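Each remark here refers to the structure printed beneath this line.
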Amino acid sequence: MFCVECGKETDKTVDGACVECFVKDKPLVKLPHHVDLQICTNCEEYALNKTWVEMEPSEAVEEAALGRLSAIKEARVLSVGTRVTKQDQKTYKVEMEADLEIRGTEVRAEASTLVRLKNTVCKRCSRQLGNYYEAILQIRSDGALEDSLRDEVVRRVRNDVEGQSKTDRRLFITSVSEVTGGIDIKLSSIALGKNISRDLADRYGAETKESFSLVGQAADGSETHRVTFLVRLPEHRVGDAVTFDGKLYKLTYISKSGGKLLALQGFKSIFVPRADMVRVRVFKKRADLGTATVVFSKDGEAEILHPVTYETVMIITPKGEEIGETVRFVDLDGEILYIP
């Protein structure tokens, strides 16, 4: 075969021309003059491929430009190299070099475009800023809600929502507010509220209740509801010295099925079913346990310096447990009991 343009003999032609003549002065790849890239002014995520993503600006700009690159039908794109140059706060120039394959011959083509950032507010942020919520998580406590427990629960909820929102942007916290007796957390989803209330019940052995309220109608005429999830945290927490059926224990574990208690006299563990946990009472909060300096210790016992009387006191410790320089203890009617 001969090229119809240059007359060269060749076994590879495109529309009768050799590849060299076919590509001569022909735009092999195209980019539009400009590409508009939406950025949410609230969360600063970018709208790419019909979804909102968190990216570095230069990466988002490059991705937006690559999505608009096209090549002639006879070419197969092998690779693309890009160079991003910031023109101003809202405009980037993207230059591309594309390696193509046409009828077994590799050729290179160039193109460029301007990517313009356009401010907007994504649907999630629009709802969040508009105080949209479907569920209220009410955190309460049988006793006073300690600051440390309040902060721990809020942190746990935030981490949970952040993790779930990575796969579902519709999930978010609308607000967290302190109210009389506890905290109210407004959530974007009823299912999210249910999942978190169950998690808190499992983690802290809390009681949960649900209540529904009708708030209006959707566009299709269906009723819309909000659900309040009450999570009532027990007064006791892991690490507290507690009483159960007249004996003193350390609370070592809580789950949705019950709690595990370690006897402070004999150091034997028992499991208390969830229904019986209401009989567990706080004797001394973990933060209020006494601390004493160890004078001497051996397997099964230790001698400590009483922090009030400064007398040396012998205490029983679990066999095989290594005792440090200080120990925690609780005073039960004058008897000093070691807290493992």
query = Taking the stretch 322-334 as the region of interest, how many residues are more than 18 Å from Arg286 (Cβ to Cβ) and exposed (fewer than 14 other Cβ atoms within 10 Å of the Cβ)?
reply = 4
query = From the list Leu137, Leu114, Leu100, which one is crowded, with 19+ Cβ neighbours inside 10 Å, at negative phi, modelled with pLDDT of 90 or more and more than 22 Å from the chain's Cα centre (by Cα)?
reply = Leu100
note = Scanning the stretch 244-266 residue by residue, those closer than 25 Å to Gly181 by Cβ and surrounded by 15 or more Cβ atoms within 10 Å (Cβ to Cβ) turn out to be Leu251, Ile254, Gly259
Residue count for the stretch 166-185, restricted to those that are of a type in the set (S, T, N, Q) and buried (at least 17 other Cβ atoms within 10 Å of the Cβ) = 1
key: Condition met for Asp168 (within 14 Å of the chain's Cα centre (by Cα) and closer than 24 Å to Tyr46 by Cβ)   = yes
key: Selected residue (only one of Val272, Val278, Val308 is part of a strand (DSSP E or B) and either exposed (fewer than 15 other Cβ atoms within 10 Å of the Cβ) or not polar (S, T, N, Q) (or both))   = Val272
query = Within the stretch 287-305, is there a residue that is closer than 16 Å to His236 by Cα and touching a Lys or Arg at 6+ places or on another chain (Cβ under 9 Å)?
reply = yes
inquiry  = I'm trying to understand the selection: among the residues of the stretch 40-56, which are free of Cβ contacts under 8 Å to residues at least 60 places away in the same chain and more than 20 Å from Glu162 (Cβ to Cβ)?
reply    = Leu48, Asn49, Lys50
ask   = Picking from Glu101, Glu110, Glu95, Glu162, which residue would you name as being of a type in the set (D, E, K, R) and out of contact with any strand residue (DSSP E or B) (no Cβ under 6 Å at 6 or more places or on another chain)?
value = Glu162
query = Which residue, of Val278, Val282, Val272, is assigned by TED's automatic domain parsing to the domain that holds Asp331, closer than 30 Å to Glu207 by Cα and in contact (Cβ under 8 Å) with a residue 60 or more places away in the chain?
reply = Val282
request  = Could you look through the stretch 83-97, keep only residues that are surrounded by 14 or more Cβ atoms within 10 Å (Cβ to Cβ) and without any contact (Cβ under 8 Å) to a residue 24 or more places away in the chain, and pick out the one that is farthest from Lys118 (Cα to Cα)?
outcome  = Glu97
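The values are calculated or read from the model by the stated rules, or taken from the named source; none is laboratory data. Model, not experiment: these values are computed from the prediction. No Cβ is skipped: glycine too gets one built from the backbone with ideal geometry, and neighbour counts run over all protein chains shown.
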